[in-house]
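Read the figures in this text as sums done on the coordinates, not as results from a lab. None of these values were measured; they are calculated from a predicted model. Don't worry about glycine lacking a Cβ; one is built from the backbone with ideal geometry, like all the others, and counts go over all protein chains shown.
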Amino acid sequence: MKLTLHIWRQQKRSTKDNFAQDGKMVRYELDHVSPDMSFLEMLDVLNEQLTRKGEEPVVFDHDCREGICGSCSLMINGEAHGPQSGTTTCQLHMRSFQDGAEIWIEPWRAAAFPVIKDLMVDRSAFDRIVQAGAFISVNTGAPQDANAIPVPKADADKAFDAATCIGCGACVAACKNASAMLFVGAKVSHFVHLPQGRVERETRARKLVAQMDAEGFGNCTNQYECEAACPKDIPVRVIAEMNREFVRAKAVEEPPSKKRVGGDG
Amino acid sequence: MKLDSKIPDGAIHEKWSNRKFELKLVNPANKRKYKVLVVGSGLAGSSAAASLAELGYQVECFCFQDSPRRAHSIAAQGGINAAKNYRNDGDSVYRLFYDTVKGGDFRAREANVHRLAELSVNIIDQAVAQGVPFAREYSGLLDNRSFGGAQVSRTFYARGQTGQQLLLGAYSALSRQIGLKQVKMFPRTEMLDLVVVDGHAKGIVVRDLVTGEIRTHAGDAVVLATGGYGTVFYLSTNAMNCNVTATWRSHKRGAGFANPCYTQIHPTCIPVSGDHQSKLTLMSESLRNDGRIWVPTKKGDKRKAAEIPDNERDYYLERKYPSFGNLAPRDIASRAAMQVCDEGRGVGDTGLGVYLDFRDSIQRLGKDAIAAKYGNLFHMYAKITAEDPYSQPMRIFPAVHYTMGGLWVDYDLQSTIPGLFVCGEANFSDHGANRLGASALMQGLADGYFVIPYTIGGYLAGQKPGAVPQSHPEFGKATAAVQEMTKRLLGIQGKRSVDDFHKALGKIMWSKCGMARNEKGLQQAIADIQTLRAEFWRDVKVLGGDATVNQSLEKAGRVADFLEFGELTCRDALERRESCGGHFREEWQDAGEAKRDDENFCHVAVWEHKGEPRQAVRHQEPLAFENVHLAVRSYK
Ligand SMILES: Cc1cc2nc3c(=O)[nH]c(=O)nc-3n(C[C@H](O)[C@H](O)[C@H](O)COP(=O)(O)OP(=O)(O)OC[C@H]3O[C@@H](n4cnc5c(N)ncnc54)[C@H](O)[C@@H]3O)c2cc1C
Ligand code: SF4
Ligand code: FES
C-alpha cells in the first residue's frame, strides 16, 4: 500500500495561552505498507525512514500494543482511535485503509491534556482525579475472607464492565466540550456496584466531581460521542449513575436532622 | 560475592512466621523519618509503594509510562492462583507449593515457594476488599478455573483482564497514598543508575523523560520492581518498552544476576506475520481448556484445516502426554510445537504454526458457551489475523513471554547489595526454571503487599535515617556517568537506527538462545553479540537532543544494556550443561524430554560483574529439596 500522511508536529509543550505553539501538519509519503501491519507499526516504518534521512522521528505514546495499557492516543482522520469501533489505535490494522489513502494524524486535543510533543499529550489530570477518591480506603492486611461478602453476579458484572476503562482519554478527545464524564462515571460506577465500594460513595462522588472540574474538563451535553469513541465500549449509563450519585451525595450533605437514614443501598 | 540465602530455621510451614518474628521492627514514630525509593509501578511496585506508605514510610515511586496504571502488568490476561480451596477439589497451601516447585523443575528455593503459597490466600482477600471485580458465580461467590498445568481449580480471574483489574486495585491503593502525600509519584521518569555508598544502596539517578533533566534521588533503601527482560529477544508478548536497564545497571554496581538464561516461551501466541512485526500477542492459555492442539500427520500438507480428516490429524499433546494432554505445562507444550514444525508439519504460510481447534468443544457445548468464555480473545484474534476462529482453527506459535531469571535475592528479597530489594518479575523469583500459569501475578503481589513491608523494616532498623545526603560525592559521580553515556549515544551519529540493532540482537537470541540451545550455537551467539555491540557503539544513529522528549535516546540506552545482557544470558545458557524447565540444551535430553543433571546443577547460578560480560564470574547458591523430593518431572 501507498499512503500520504499528514502528521501534527509540535516541538514546544502547550501552555494555557498557547496551545498549538509551533505545531503544524507535515506531509509524508509512505510506500510498501503491508495491510497486515498495525497502525503503530506503520508509524514505526515511517520513523525508521525519517531516521535514515536524518529527520527526527515522530513522538507518540504506546506500550502494550494490544489495547489494554491505554497509552496509545491518536486522532485519525478526526476520529479518536480511528475508524473502527471498540478498537484502540494500536489494535487498528492497515487493512482498514485503502491503498493510496490520505490519513490525518493528530494528538488528543483538550485543554486538560496539554500536548507535550508531536502526538504525545499529558493525561496526568486523570491520575489526579483517581487520587482524589477513586479507591476504597482499605489498608494492606486488614481484609476478611474474600468470600465473606457475596456479591450478586449481575452487580459484579456491572462493576467489571465499568472497571475495564483503560484511561486512554479518547472520550475526552471525542467530546466537543472535552468532558471527562465517561471516564469519571466509569470510576463511580465500578465502585458503586460493589458492597465494598458503597461505604464511601458520597465522599467519592463529591471528590471526583470537584477534581474533574478543577482540572478544566468541560460539561456533558449528552452528545454521546464519548461512548462511540471509547475502545472499551464503556456505556453512557455510567454518566447517569454518576449524576445520580452526585445528587445523592449532596442530599446526604444536608444537616444531620434532615439526613436520610438507610438510603437506597 | 557472598550468597547467604538467609533461609529461616524451622519446618517449611513455620519458616515465614519465624522470620517475621526475628525481623527487627522500626518504631512507628520513626517510620516517617525513612525514605524508600520504589522503582516500578506494576503489581509488585504499586503494591509495595502503597503498603510501605500505609506503614508510615516516606515513599517515592517511579515509572517510565505516563501513569503508574500503564505498567506492563496491566496486560496479564488469564488469572491469579491462590490456595483457597473454595472448590473443595483437594487444593491446599502444600499442593500449590508442591506444584510450583515441581513446575519450576526443581530449580527454585523451597522456603520462598512455600511462603508464596501461604500468602496467595491473603492476596485474594486484599484484592476483593479493594474492589477488584473477579468473576463470580450465581451464588455471588468467587469463581475459579483450572489453568496452566494444574489439576485443581485454583485460578481466580476477571474475564481475560485479570492483570488489568489487579493492577487497577494496586494503583488505586497507590493513588490513595499519593493523594495523602505519603507517596510522591514520578511518572515518565527512568532510572538510569543506582547510587551505592559504602556498599549500601542509597539512591538512584533518573532521567525526566519530558524535560531530559538528569537528577538524583536519595533514600534509605531502594526497591526495584522493574519487571522482566523478555524484550531482549525483540519480539515477545511483553509491552514494547519493557527493558533490563534498572536491574542491569544495578548488576554493574554489584548486584548478582541470577539465572538469566531461564526464559519462558509461551506456547499459545499469534504467529509472526512479517518483518514489520513489533510485538507478539498472547492468546491466553485458558484457551487450552477447550481447544485441541494439532498438526497434520503428513509433512507439508497444504490442505485447509477443515479438509483434513481426523485420522490425518496428530493431536500430539494428547498423544504424548495422555494425563495432561492439551494442558501440559508451557515449556513442554512449546517444545512439542517446535518439534512438529521442525518435522515440516507446521501450518500457515510460514510453516511456523500449529492449530488450536475449537471445533469439538463448539459441537459439544455450543458456540454461545464458547463465546461466553473466550469471546474477547476470539475477537482479539480475529482483529489481528482477519480470520474467524469459530469457523476455522486458530494458528498459534510459541513466543517469549516471561523471564524467571533476575537479580539474585535472599529470603528477605534483598540483593547482594545491602539496601537494594527486588520484587516481582525483576528478581530471580520463586519459579525456578519454569513458571506455572497465573503465578506471576501472585508472586508480584505477595512480594509487594506482604513480604517487603516486613523485610525492609529489618534492614532499616539498622540504618540511621537520612544518613547519606544527596551531596555525597557518589551521587555526583553516578550522575556524571549517566550524562557521559547520553552524550556518547547522541554523538555517534552513525547510519543504523536503534530498532535495527534491537531486531538484529533479537534474531541472534531467538535462533541460538531460544527454545533449544546447544554449545556451538551459544558460542556463536556470544561472538555475534560482541560484534553487534561494537557496531552499535560505532554506527548507531540517535537523532534529536537530550533536553526534550527523545524516544530514540530512551531506546538507545535500553538496547545498549541488552547488548551486554544478551551476552551474559548466552553465557549462562552455555554454562548450564543440563536441560531444565524453559532451558533446553539439545545435548541433554531423553527423546525430546528435558534431562536435568541434579548432581552438577542443582543450584542457582549467580553472576558477578567484572567489567565486560565475558569476564563476569559465576557463583552458585546450592539448592536443597527437603520437602519435595527431586524427581524426574513427568506429565505423561
Ligand atoms: C501478555 C501477558 C499476559 C500475562 N498473563 C499473566 C497471567 O494471566 N497470570 C500471571 O500470573 N502472569 C501473567 N503474565 C506475567 C505477569 O503479567 C508479569 O510477570 C507481571 O505482571 C510483572 O509485574 P511486575 O510488577 O514485576 O513488573 P511490570 O508490571 O512489568 O512493571 C514494571 C514497572 O517498572 C517500571 N520500570 C521499569 N524499568 C524502569 C526504569 N529503568 N525506571 C523507572 N521505571 C522503570 C515500569 O514503568 C513499570 O511501572 C503475563 C504477561 C504477559 C506479557
Ligand atoms: S471511558 Fe473509554 S474512552 Fe474514556 S478513558 Fe476510559 S476507555 Fe478511554
Ligand atoms: S499501546 Fe497499549 S492500548 Fe495501545
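Report the charge-dipole magnitude of segment B:345-394 in Debye, nearest 20, computed about the Cα centre from +1 at each Lys and Arg Cβ and -1 at each Asp and Glu Cβ.
Approximately 140 debye in magnitude.
Taking neighbour Cβ counts within 10 Å as the exposure measure, how do B:479, A:203 sort from fewest upward?
Ranking B:479, A:203 by Cβ neighbours within 10 Å, fewest first, gives A:203, B:479.
Compare the peptides A:90-103, A:126-139 by average per-residue count of other Cβ atoms within 10 angstrom and give them in order, highest first.
Answer by packing, highest mean first, reads A:126-139, A:90-103.
Within segment B:265-401, what is the number of lysine pairs with alpha carbons under 20 Å apart, leaving out pairs fewer than eight places apart on the same chain?
For segment B:265-401, qualifying lysine pairs total 5.
Nearest 0.05, what FRET efficiency do residue B:20 and residue B:527 give at R0 = 45 Å with Cβ-Cβ as r?
0.40
Taking the alpha-carbon distance from residue A:16 and a cut-off under 17 Å, which lysines remain once sequence neighbours fewer than 8 residues away in the same chain are dropped?
Partners found: A:117.
Note down the nm distance, to one decimal, between modelled labels 7 Å out along Cα→Cβ at residue B:342 and at residue B:603.
Between residue B:342 and residue B:603, the label points sit 2.9 nm apart.
Size of the dipole of chain B about the Cα centre, Lys and Arg at +1 and Asp and Glu at -1 on the beta carbon, nothing else charged, in debye to 20?
900 debye
Per-residue mean of other chain beta-carbon atoms within 10 angstrom of the beta-carbon, peptide B:507-513?
Mean partner shielding for this stretch: 0.
Under unit Cβ charges (Lys, Arg +1; Asp, Glu -1), what dipole magnitude, rounded to 20 debye, does the protein assembly as shown have relative to its Cα centre?
Once rounded to the nearest 20, the dipole reads 1200 debye.
Please report B:308, B:417 as a ranked list, fewest other C-beta atoms within 10 angstrom at the top and most at the bottom.
Result, fewest neighbours first: B:308, B:417.
In whole Hz, with x marking every Gly and Pro, tabulate ³J(HN,Hα) for segment B:364-380 from phi via Karplus 6.51 cos²θ - 1.76 cosθ + 1.60, θ = phi - 60°.
7, 9, x, 5, 5, 5, 5, 5, 5, 7, 10, x, 5, 6, 4, 5, 4
Treating the angle as unsigned and between 0 and 90°, give the value, to the nearest 10°, between the Cα long axis of helix A:39-53 and the longest Cα principal axis of chain A.
Between the helix axis and the principal axis of chain A, the angle is about 40 degrees.
Pairing the Cα long axis of helix A:237-253 with the longest principal axis of chain A, what angle in degrees results, from 0 to 90 and rounded to the nearest 10?
For A:237-253 against chain A, the angle is about 40 degrees.
Using helices alone, what [θ] at 222 nm do you get for chain B, with -39,500 (n - 2.57) per DSSP H run of 4 or more residues, divided over all residues and rounded to the nearest 500?
About -11500 deg cm²/dmol.
Sort the following peptides by mean Cβ neighbour count (other Cβ atoms within 10 Å, averaged over residues), highest first: A:58-67, B:173-182.
In decreasing order of mean packing, A:58-67, B:173-182 become A:58-67, B:173-182.
Tell me the net charge near residue B:156. Cut-off is 9 Å between Cβ atoms, residue B:156 excluded, with +1 for each Lys or Arg and -1 for each Asp or Glu.
Around residue B:156, the charge tally is +2.
Please state the shape class of segment B:265-401: rounded when a/c is under 1.5, otherwise prolate if a/b exceeds b/c and oblate if not, all from the C-alpha gyration tensor.
In terms of gyration-tensor shape, rounded.
Give me the net charge of residue A:212's neighbourhood, meaning all other residues with Cβ under 14 Å from the Cβ of residue A:212; Lys, Arg count +1, Asp, Glu -1.
Surrounding charge for residue A:212 is +2.
Which ³J(HN,Hα) values, rounded to whole Hz and listed in residue order, are derived for segment B:175-183 from phi using the Karplus coefficients 6.51, -1.76 and 1.60 in 6.51 cos²θ - 1.76 cosθ + 1.60 with θ = phi - 60°, glycine and proline given as x?
Calculated HN-Hα couplings, in order: 4, 4, 6, 5, x, 7, 6, 8, 10 Hz.
Which pairs in the list A:187/B:102; A:53/B:503; B:6/B:33 are over 30 Å apart, alpha-carbon to alpha-carbon?
Check vs 30 Å cut-off fails for A:187/B:102.
Under 23 Å Cα to Cα from residue B:252, which lysines show up? Leave out anything in the same chain fewer than 8 places away.
The reachable lysines, counting only those whose Cα sits under 23 Å from residue B:252, are B:2, B:202, B:477, B:487, B:555, B:610.
Going 7 Å from the Cα of residue B:349 in the Cα-to-Cβ direction, what parts of segment B:361-389 have a backbone nitrogen less than 16 Å from that spot?
Hits in segment B:361-389 for residue B:349 at 16 Å: B:384-388.
Compute the Cα gyration tensor for the protein assembly as shown, then decide on rounded, prolate or oblate, letting a ≥ b ≥ c be the square roots of its eigenvalues: rounded whenever a/c is under 1.5, prolate when a/b is larger than b/c in the other cases, and oblate in all that remain.
Rounded is the answer for the protein assembly as shown, as its axis ratio a/c remains below 1.5.
Once a ≥ b ≥ c are taken as the square roots of the eigenvalues of the Cα gyration tensor of segment A:1-100, is the result rounded (a/c under 1.5), prolate (a/b larger than b/c) or oblate (a/b not larger than b/c)?
It is oblate, given that a/c is not under 1.5 and a/b is not larger than b/c.
By per-residue mean of other Cβ atoms within 10 Å, what is the highest-first order of A:187-198, A:147-158?
For the peptides A:187-198, A:147-158, the packing ranking is A:187-198, A:147-158.
Starting from the Cα of residue A:2, step 7 Å along the direction of its Cβ; do the same at residue A:30; then give the gap between the two resulting points in nm.
Those two pseudo-labels are separated by 1.6 nm.
May I ask for the net charge around residue B:389, where only other residues with Cβ less than 10 Å from the Cβ of residue B:389 are counted and Lys, Arg are +1 while Asp, Glu are -1?
Result for the local shell: -2.
Taking beta carbons within 10 Å but only from partner chains, what does the mean come to for residues A:52-58?
4
Would you kindly derive the ³J(HN,Hα) couplings of segment B:115-124 from the backbone phi angles with the Karplus curve 6.51 cos²θ - 1.76 cosθ + 1.60 (θ = phi - 60°), listing them in order in whole Hz, with x for Gly and Pro?
4, 4, 5, 4, 6, 3, 5, 5, 4, 5
Say each of residue B:297 and residue B:379 gets a label point 7 Å from the Cα, pointing the same way as Cα to Cβ; how far apart are those two points in nm?
4.0 nm
With r as the distance between the Cβ atoms of residue B:586 and residue B:180 and R0 = 60 Å, compute the FRET efficiency 1/(1 + (r/R0)^6) and round to 0.05.
0.60
State the Cα centre-to-centre distance between segment B:616-630 and segment A:51-95 in whole Å.
Segment B:616-630 and segment A:51-95 have Cα centres separated by 46 Å.
Mind checking A:65-78 for the average number of partner chain beta-carbons within 10 Å of each residue's beta-carbon?
That average works out to 5.
Given B:142, B:100, B:40, which one lies farthest toward the positive end of the charge dipole of chain B, if we put +1 on the Cβ of every Lys and Arg and -1 on the Cβ of every Asp and Glu?
B:40
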